[in-house]
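Q: What follows is a single structure, and I will ask about it in a moment.
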Amino acid sequence: MPRLRLQILLAAIAAVALGQAGAEARPRPAISRALIVSVDGLRPDLIDLAHATEMRRLMKHGTFTLWARTTDVAVTLPSHVSMLTGVPPSKHGVTWNSERRPPVYPAWPTLFQVARASGYTTAMVAGKSKFNALAKPGTLTWTYVPGDAVITDEAVTDTATKWIARFAPQVMFVHLPSVDMVGHEKGWGSHDQLEAVKRADRCVGRILDAWGKRDRLDSTVVIITADHGGSGKSHGEDVPRSHEIPWIVSGPGILQGQDLHAESIAVRTEDTFATVCWLLGITPPKPVDGRPITRILDPERHVERH
């Protein structure tokens with residue numbers, strides 16, 4: 001049997017087994033998949049300034065905050081690793097922000113690692129070569145990290161939509177790099193960057209449409225977020241407006257139109273890892289700093305497990 005057909009068959013068998021065995025461990029049994037889309041450099045106010053219709057629609061039909069916080073360093077690679085391990089850079093050890101060859105992997109288990117150990121298929125499509133730090137062998141069922149330093153959002157989305165159509169990964173991470181790249185070149189909040197946000201928003205729409213064609217949106221939690229904001233032509237620990245990021249969650253049983261900031265609920269990027277693990281019934285093998293944001297679920301449809 002060709003390798004590709006074997007991968008598809010094994011993924012289908014795993015999905016059936018997981019659905020039967022894992023529903024009792026999940027607070028919302030209908031949620032059996034997770035999609036995380038990180039729009040690199042997306043300062044929260046740019047969503048409204050760019051009239052990002054797909055993201056605003058997800059906010060309307062889901063739970064969100066435009067005041068989530070990223071890591072103290074507020075740069076791409078350490079912040080993404082925190083997003084996907086649930087711990088700060090001081091624990092996961094990825095303190096650099098460049099590609100390393102051979103790659104050096106986090107010292108803490110990633111979402112891909114714990115998901116694979118729990119029987120889920122996993123996928124990552126990244127737009128920057130430095131994401132090889134997250135492509136630890138054996139943790140990703142499907143992975144794409146470009147050989148070039150960076151590629152376009154559209155190229156990332158082309159691969160993501162093909163994989164969704166062919167494989168429908170159960171835990172998927174997609175990284176869109178262009179908003180950050182334009183910010184460095186033209187400035188945060190510039191006309192050119194707002195146009196880049198619009199293009200990223202269209203890519204989000206394409207990814208969601210691909211899931212819809214597979215009839216998977218009714219079982220998928222979708223998280224749209226970012227690694228940092230920025231101002232001027234930079235971002236970082238001491239750069240104003242670098243630390244706030246959007247955090248938008250939509251899916252079956254997720255409360256609609258709920259603003260977590262208005263409810264005085266603080267969210268950090270490490271909570272992305274913890275929330276996905278909680279929703280999918282995954283118990284991390286090591287303690288994490290992130291915590292599941294349980295208020296995202298409709299309490300009438302939230303099945304508590306004790």
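The values are calculated or read from the model by the stated rules, or taken from the named source; none is laboratory data. The structure displayed is predicted, hence computed values, not measured ones. For neighbour counting, all protein chains shown are included, and Cβ atoms are generated from backbone atoms with ideal geometry for every residue, glycine included.
Q: Taking the condition closer than 21 Å to T76 by Cβ and not in a helix (DSSP H, G or I), does I224 pass?
A: yes
Yes or no, residue by residue, for (1) without any contact (Cβ under 8 Å) to a residue 40 or more places away in the chain; (2) assigned to a strand (DSSP E or B); (3) in contact with a Leu (Cβ under 8 Å, 6 or more places away or on another chain); (4) buried (at least 21 other Cβ atoms within 10 Å of the Cβ):
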position	(1), (2), (3), (4)
N97	yes, no, yes, no
V104	yes, no, no, no
P109	no, no, no, yes
F112	no, no, yes, yes
A115	no, no, yes, yes
M124	no, yes, yes, yes
A133	no, no, yes, yes
T139	yes, no, no, no
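Q: Moving on. Is at least one residue of region 274-287 modelled with pLDDT under 95 and either farther than 24 Å from W211 by Cβ or of a type outside the set (S, T, Y) (or both)?
A: Looking through region 274-287, none of the residues is modelled with pLDDT under 95 and either farther than 24 Å from W211 by Cβ or of a type outside the set (S, T, Y) (or both).
Q: Next up: Yes or no: L140 more than 18 Å from N97 (Cβ to Cβ) and in contact with a strand residue (DSSP E or B) (Cβ under 8 Å, 6 or more places away or on another chain)?
A: yes
Q: Hey, does region 131-138 have a residue that's in contact with a helix residue (DSSP H, G or I) (Cβ under 6 Å, 6 or more places away or on another chain) and of a type in the set (K, R)?
A: no
Q: Which one of these does H191 not meet: (1) touching a residue at least 24 places away in the same chain (Cβ under 8 Å); (2) farther than 30 Å from W96 by Cβ?
A: (1)
Q: Restricting to region 226-243, what's the tally of residues that are on the phi > 0 side of the Ramachandran plot and more than 22 Å from the chain's Cα centre (by Cα)?
A: Number of matching residues: 1.
Q: Which of the following residues is of a type in the set (S, T, N, Q) and farther than 21 Å from D40 by Cβ: T143, T121, T157?
A: Going through T143, T121, T157 in turn, the sole match is T121.
Q: I've got another one for you. Which of (1) assigned to a helix (DSSP H, G or I); (2) farther than 28 Å from F167 by Cβ; (3) touching a helix residue (DSSP H, G or I) at 6+ places or on another chain (Cβ under 6 Å) does V204 not meet, given it meets every other one?
A: Condition (2) is where V204 drops out.
Q: Turning to a different aspect of this structure: If I filter region 61-73 down to residues being among the hydrophobic types (A, V, I, L, M, F, W, C) and surrounded by fewer than 24 Cβ atoms within 10 Å (Cβ to Cβ), which single residue comes out as farthest from E270 (Cα to Cα)?
A: Of everything passing the filter in region 61-73, L66 is farthest from E270 (Cα to Cα).
Q: A further question on this structure: Please work out which one of (1) touching a Phe, Trp or Tyr at 6+ places or on another chain (Cβ under 9 Å); (2) modelled with pLDDT under 95 is the condition W142 fails and give its number.
A: All conditions pass for W142, except number (2).
Q: May I ask you to verify whether G183 is in contact with a Phe, Trp or Tyr (Cβ under 6 Å, 6 or more places away or on another chain), buried (at least 24 other Cβ atoms within 10 Å of the Cβ), farther than 30 Å from A25 by Cβ and modelled with pLDDT of 95 or more?
A: no
Q: Does region 168-190 include one or more residues that are more than 17 Å from A226 (Cβ to Cβ), in a helix (DSSP H, G or I) and not charged (D, E, K, R)?
A: No - not one qualifying residue is present in region 168-190.
Q: Just a yes or no: is a residue in region 9-27 surrounded by 13 or more Cβ atoms within 10 Å (Cβ to Cβ) and modelled with pLDDT of 95 or more?
A: So far as region 9-27 goes, yes, one or more of its residues are surrounded by 13 or more Cβ atoms within 10 Å (Cβ to Cβ) and modelled with pLDDT of 95 or more.
Q: Okay, next question. State which residue is surrounded by the fewest Cβ atoms within 10 Å (Cβ to Cβ) when the search covers only region 261-284 and only residues that are aliphatic (A, V, I, L, M) and in a helix (DSSP H, G or I).
A: A274
Q: For region 141-153, name all the residues that are in a loop (DSSP other than H, G, I, E, B) and within 16 Å of the chain's Cα centre (by Cα).
A: Within region 141-153, V145 is the sole residue that qualifies.
Q: Among the residues that make up region 194-214, is at least one of them modelled with pLDDT under 95, surrounded by fewer than 17 Cβ atoms within 10 Å (Cβ to Cβ) and among the basic types (K, R)?
A: Scanning region 194-214, I find at least one residue that is modelled with pLDDT under 95, surrounded by fewer than 17 Cβ atoms within 10 Å (Cβ to Cβ) and among the basic types (K, R), so the answer is yes.
Q: Let me ask you something else. Tally up the residues in region 81-95 that are of a type outside the set (A, V, I, L, M, F, W, C) and free of Cβ contacts under 8 Å to residues at least 40 places away in the same chain, please.
A: The qualifying residues number 5.
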